[in-house]
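A quick write-up on the structure given underneath.
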Amino acid sequence: MSSAPTEFTDWDLDEAIASAIAGKGWTTPTEIQVEAIPIARQGRDVVGQARTGSGKTAAFGIPIIEKCEATGTPQAIILCPTRELAVQVAEEISWVQGDSGLAIQTVYGGTDIEKQAKELDAGADIIVGTPGRVIDMSKRGHLKLGNITHFCLDEADRMLDMGFFPDVLWIFDQMPAREQTLLFSATFPQEVLDAAEEFMHEPVFVMSDDLEVEVPEIDQFAVRIGRGNKLWVLGRLIANMDDNDQMLIFTNTKRMVELLEERLGKFGMKATGMHGDKAQNRREKILDSLRDGTTKIVVATDVAARGIDVDGITYVVNYDLPDDTESYVHRIGRTGRMGRSGQAWSLVSKEDIGALDKISNTWNLEIPYVEAPALPEGMTRDPVRKREDWSEVTDPFGMVNVSLEIGRGAATKRSLADWIVNEARIPEIALGEIAMEESSSTVQIHVDKAAYVIDVIKKREFDGSSLNPTIIGA
Ligand code: ADP
Ligand code: MG
């Protein structure tokens, strides 16, 4: 075997594809393309796993285009989890086909159904769509699935999870002529692989042996911070952005997207929210404005951002940590596309620590805890002020542990408790347990009174000595 890298010209691709690719300046296929394209061209079923931004679209797109002819009858269907992704995949396939003359039709919800029906009636060779609308169009008789020979799931693990699986199965059942099935994603949990084998025919698995290499090379950091101060850290990150930087911020809920968009706006940082309830054309406009650089900061949910390929995103921020470990990989994969540099920051509150541990263990990552970045030179005020954050130091019973420089040598638990209650004039119930050592004590104070009581203790003296109260993390 020769050790020279594979070039697209080694493959004797369809003339139209070869010249389109050359015209685009592509010479060398990516690893997943090198591995998957020859096998898919043979007609075999393929399960392809490769990290985000590694060119999976062309890996399934090229073989599919080669197999189709401009007949006006659908021969291939590619299903994606979101409308944006369907548009993106259709765009890539459209230019890759060059002048093959294939009609590529997107079919997704949130757009004019009559118009889409007319376009389908006019004839299509390759369908790229989301499951819901594909089913709809099929039931209405505008989309004939009966002659489809090539079936592909992009972001396949998502397509085969509980949310989409029934729809995908329904579509699958309408395709008796199916000859080839292609599944591609950056992550394949075992249960998805098991499910996939059920309906694939002797698939070839093009997978990485080592999960570690599949996480894109992005600088990853974590900042340990209470919920109430996540906005402060975000303000610092935004303050450090250059003119060419773009940021994608992830939260776990649509509501949080809206809240954060609003809060950032209040502090003079313009961010645009994107989630599944926003109108389709609005979501596309947001993506376009990210691509042309007019939008710098987008706040999004996982669903709205999966697979999105925007070159300029240099920062990904996990405002909330995702519940599942796969989402982390997909999120950070929105930056560092095709070998460009990128940073991923996770804001980790008490509640998020477990999730981050699970992520690092699953993917064998070292995500160092670092301080929030400093303000850039010349900037003296934080965009968002840091506040006292009691949530981080409060135990489940609402108590804050405060350490005092006084111990058994100088007081008893009783005398210390009485002194605090008298000096601060608080009900005794606001104090919890007291633990006393030789020369120090830990006193539990209810969170509602903690700031005030600490302030009082700081100002007074117990038998002529000051107790220097300090809060101990919960
Ligand atoms: P993935 O689906 O693996 O996340 P994409 O298919 O979206 O990645 O590809 C990421 C980017 O790389 C796209 O902009 C795509 O056009 C580009 N790309 C893909 N293959 C090549 C290649 N062989 N040479 C140069 N650029 C490529
Ligand atoms: Mg992709």
(message) For a quick check: with amide H placed at 1.01 Å from N, whose amide H comes under 5 Å from residue 300's, ignoring anything fewer than 5 positions away on the same chain?
(response) 249, 250, 251, 274
(request) Can you tell me the dipole magnitude for the chain around its Cα centre, using point charges on the Cβ only (Lys, Arg +1; Asp, Glu -1), in Debye to the nearest 20? (result) 1940 debye
(request) Determine the equivalent ellipsoid of the chain by diagonalising the alpha-carbon gyration tensor, then write out the semi-axes as square roots of 5 times the eigenvalues, largest first, rounded to whole Å. (result) 56, 22, 21
(request) Would you mind calculating the relative contact order of the chain from Cα pairs under 8 angstrom and at least 6 residues apart, reporting the percent as a whole number? (result) 14 percent
(message) Under the rule a/c < 1.5 gives rounded, and otherwise a/b versus b/c splits prolate from oblate, where does the range 8-207 land using the Cα gyration tensor?
(response) oblate
(request) Could you pull out the trypsin sites (Lys or Arg not before Pro) across the range 301-352 that fall in loop regions by DSSP (anything but H, G, I, E, B) with no more than 16 other Cβ atoms inside 10 Å? (result) 340
(request) Please say if the range 218-363 is rounded, prolate or oblate, where rounded means a/c under 1.5 for a ≥ b ≥ c the square roots of the C-alpha gyration tensor eigenvalues, and otherwise the choice is prolate for a/b larger than b/c and oblate otherwise? (result) rounded
(request) For the range 218-363, calculate the relative contact order in percent as a whole number, restricting contacts to Cα pairs under 8 Å that are 6 or more residues apart. (result) 34 percent
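If you place +1 on the Cβ of every Lys and Arg, -1 on the Cβ of every Asp and Glu, and leave all else neutral, what size is the dipole of the range 248-304 about its Cα centre, to the nearest 20 Debye?
120 debye
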(message) Within 10 Å of each candidate Cβ there may be at most 15 other Cβ atoms; applying that plus a DSSP loop requirement, which GluC sites (Glu not before Pro) in the range 59-140 survive?
(response) 69
(request) Determine the calculated [θ] at 222 nm for the chain from helices alone, applying -39500 (n - 2.57) to every DSSP H run no shorter than 4 residues and normalising by the residue count; nearest 500 deg cm²/dmol. (result) -10500 deg cm²/dmol
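So, R0 is 30 Å and r is the distance between the beta-carbons of residue 291 and residue 9; what FRET efficiency does that work out to, to 0.05?
That pair, residue 291 with residue 9, gives E of 0.50.
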(message) Only four residue types carry charge here, +1 at the Cβ of Lys and Arg and -1 at the Cβ of Asp and Glu. Report the dipole size of the range 391-471 about the Cα centre in Debye, rounded to the nearest 20.
(response) 200 debye
(message) Across the range 133-211, what fraction of all alpha-carbon pairs, as a whole percent, falls in each successive 10 Å bin from zero upward?
(response) 16, 50, 27, 6, 1
(message) Need the full-extension length gain, residue 418 to residue 191, defined as separation in residues times 0.36 nm minus the C-alpha distance. One decimal, nm.
(response) 75.7 nm
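Which whole-number percent is the relative contact order of the range 391-471 (Cα, under 8 Å, 6+ apart)?
For the range 391-471, the relative contact order is 40 percent.
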(request) Pull out the extension gain between residue 219 and residue 351, defined as 0.36 nm times the separation in residues minus the alpha carbon to alpha carbon distance; nm, one decimal. (result) 45.2 nm
(message) Sort 434, 93, 77 by Cβ crowding within 10 Å, fewest neighbours at the top.
(response) 434, 93, 77
(message) On a full-extension model of 0.36 nm per residue, what is the gain between residue 122 and residue 375, subtracting their alpha-carbon distance, rounded to one decimal in nm?
(response) 85.3 nm
(request) Quick one: order 142, 150 by neighbouring beta-carbon count within 10 Å, fewest to most. (result) 142, 150
(message) Taking the Cα centroid of the range 32-94 and of the range 141-192, what is the distance between the two, rounded to the nearest whole Å?
(response) 13 Å
(request) Using the number of other C-beta atoms within 10 angstrom as an exposure proxy, rank 328, 319 with the fewest first. (result) 319, 328
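Exactly which trypsin sites (Lys or Arg not before Pro) in the range 425-468 are in a DSSP loop and have at most 14 other Cβ atoms within 10 Å?
Here the sparse-neighbourhood loop sites are 425, 460.
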(request) Of the options 132, 39, 63, report the single residue whose Cα projects farthest towards the positive end of the charge dipole of the chain (beta-carbon charges: Lys, Arg +1; Asp, Glu -1). (result) 132
(request) Mind giving me the nanometre distance, one decimal, between the label points for residue 325 and residue 266, set 7 Å out from Cα along Cα→Cβ? (result) 3.7 nm
(message) Straight-line reach only, C-alpha to C-alpha below 23 angstrom: list the lysines that residue 230 could link to, leaving out same-chain residues fewer than 8 apart.
(response) 254, 266, 270, 296, 350, 358, 386
(request) In nm, give the distance between the simple-model label positions of residue 112 and residue 244, each being 7 Å from the Cα along the Cα-to-Cβ direction. (result) 4.0 nm
(request) Towards the positive end of the charge dipole of the range 8-207, with charges on Cβ (+1 Lys, Arg; -1 Asp, Glu), say which of 21, 53, 78 has the farthest Cα. (result) 78
(message) Would any residue of the range 427-443 have its amide N under 12 Å from a label point 7 Å out along Cα→Cβ of residue 456? List them or say none.
(response) 427-431
(request) Taking the dipole about the Cα centre of the chain, with the C-beta of Lys and Arg at +1 and of Asp and Glu at -1, give me whichever of 193, 300, 269 is farthest to the positive side. (result) 269
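Coordinate-derived values only; no laboratory data. Here the structure is a predicted model, which is why all the values come from computation and not from measurement. Heads up, the Cβs are rebuilt from the backbone with ideal geometry, glycines too, and the neighbour counts pull from every protein chain shown.
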